[in-house]
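Trainee: If you scroll down you'll find the structure; I have some questions about it.
The values are calculated or read from the model by the stated rules, or taken from the named source; none is laboratory data. As the structure is a computational prediction, the values presented were derived from the model and not from experiment. Positions of Cβ are backbone-derived with ideal geometry, glycine not excepted, and every protein chain shown enters the neighbour counts. Ligands, DNA and RNA are stripped out before the accessible areas are found, and what is left, the full protein with its side chains, is counted by its heavy atoms. Shrake-Rupley method; radii C 1.70, N 1.55, O 1.52, S 1.80 Å.
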Amino acid sequence: MDTEQIRQYWDDAAPEYDTFVDHGLLDSDVRAAWKDLVRTWLPTTPSDVGDLACGTGTMSVLLAELGHQVRGIDLSGEMVARARAKTAPFGGAVQIEQGDAGDPPWEEGSLDVVFARHILWTLPDPQDALRRWTRLLRPGGRMVLIEGRWGIEAAGEKPDLPWRAGVPSQELAAVVRDLVGEPTVVPLWDTVYWGKELEHERYLLTATSSAPVGAGSPRP
């Protein structure tokens, strides 16, 4: 599947995106749970956070409410329009742009946090994207990824991409360990995040970089 097809997929999904419990966070209990989770695993001081594949900007809003400076990016113009409208009250504290979340056009070493939620399955080369994201981090910066697995039936409805069925925590941990450092994996089985019982793994994975900016593999 090429970039244009992926963009069209998300443009088509945008109008209904926030109707899903874990997307729009319209339920106050669900929203509070996600905000507490983000607060727990992000820095306690104001930080520069990249919200990769920000969608309609729901998580960008939570990040800004917690006092962070947010840069969001999404391939879909329809998603970007909704994210800009949703984050407009925060003024310059949130910047949303249209572009490839797998290869953001941002300066290396410019972020304290790379944040991404259920994004890796949408990318044509997720492991290459992780390498690029690593280079965005300042020394001591952290990667915070919320990922999981879904059933074969659900995967069959999604674009034909390498991790379209999601990625097991052990597999993602092995990739992040080599790129960033030893990860922490936090299971997210609690129904408060999803509004339903889960059949397959959901988790938050985080790791902190200790490498100097510019270390590691050359940028492709």
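Trainee: Can you run down the residue pairs with Cβ atoms below 9 Å, 6 or more apart or on separate chains, where the first is in the range 127-140 and under 13 Å from Asp48 (Cβ atoms) and the partner is of a type in the set (D, E, K, R) and open to solvent by 40 Å² or more (accessible area, probe 1.4 Å)?
Mentor: These pairs meet every condition: Leu136/Glu107; Leu136/Glu108; Leu137/Glu108; Leu137/Asp112; Arg138/Asp48; Arg138/Asp112; Gly140/Asp112.
Trainee: Quick check on the range 61-94: of everything there that is of a type in the set (Lys, Arg) and in contact with a helix residue (DSSP H, G or I) (Cβ under 7 Å, 6 or more places away or on another chain), which residue is surrounded by the fewest Cβ atoms within 10 Å (Cβ to Cβ)?
Mentor: Taking the candidates together, the pick is Lys86.
Trainee: Just one of Ala64, Ala88, Ala53, Ala14 is among the hydrophobic types (A, V, I, L, M, F, W, C) and either without any contact (Cβ under 8 Å) to a residue 12 or more places away in the chain or touching a Cys at 6+ places or on another chain (Cβ under 9 Å) (or both); which is it?
Mentor: Ala88
Trainee: When you scan the range 40-81, how many residues do you find that are in contact with a Phe, Trp or Tyr (Cβ under 9 Å, 6 or more places away or on another chain), assigned to a loop (DSSP other than H, G, I, E, B) and β-branched (Val, Ile, Thr)?
Mentor: Final tally of qualifying residues: 1.
Trainee: I would also like to ask the following. Can you find, within the range 31-60, the residue that is nearest to Glu97 (Cα to Cα) among those that are buried (at least 19 other Cβ atoms within 10 Å of the Cβ) and β-branched (Val, Ile, Thr)?
Mentor: Thr56
Trainee: Going through Leu145, Leu130, Leu172 one at a time, which residue ends up being at pLDDT 95 or above, open to solvent by less than 40 Å² (accessible area, probe 1.4 Å), closer than 23 Å to Gly57 by Cα and assigned to a helix (DSSP H, G or I)?
Mentor: So the residue among Leu145, Leu130, Leu172 that is at pLDDT 95 or above, open to solvent by less than 40 Å² (accessible area, probe 1.4 Å), closer than 23 Å to Gly57 by Cα and assigned to a helix (DSSP H, G or I) is Leu130.
Trainee: Restricting attention to the range 82-110, report how many residues are part of a loop (DSSP other than H, G, I, E, B), within 17 Å of the chain's Cα centre (by Cα) and not small (Gly, Ala, Ser).
Mentor: Here the count works out to 5.
Trainee: Out of the residues in the range 186-209 that are open to solvent by 60 Å² or more (accessible area, probe 1.4 Å) and part of a strand (DSSP E or B), which is nearest to Asp22 (Cα to Cα)?
Mentor: Pro187
Trainee: Also: Being farther than 27 Å from Val175 by Cβ, under 16 Å from the mean Cα position of the chain (by Cα) and not acidic (Asp, Glu): is that true of Ile73 here?
Mentor: no
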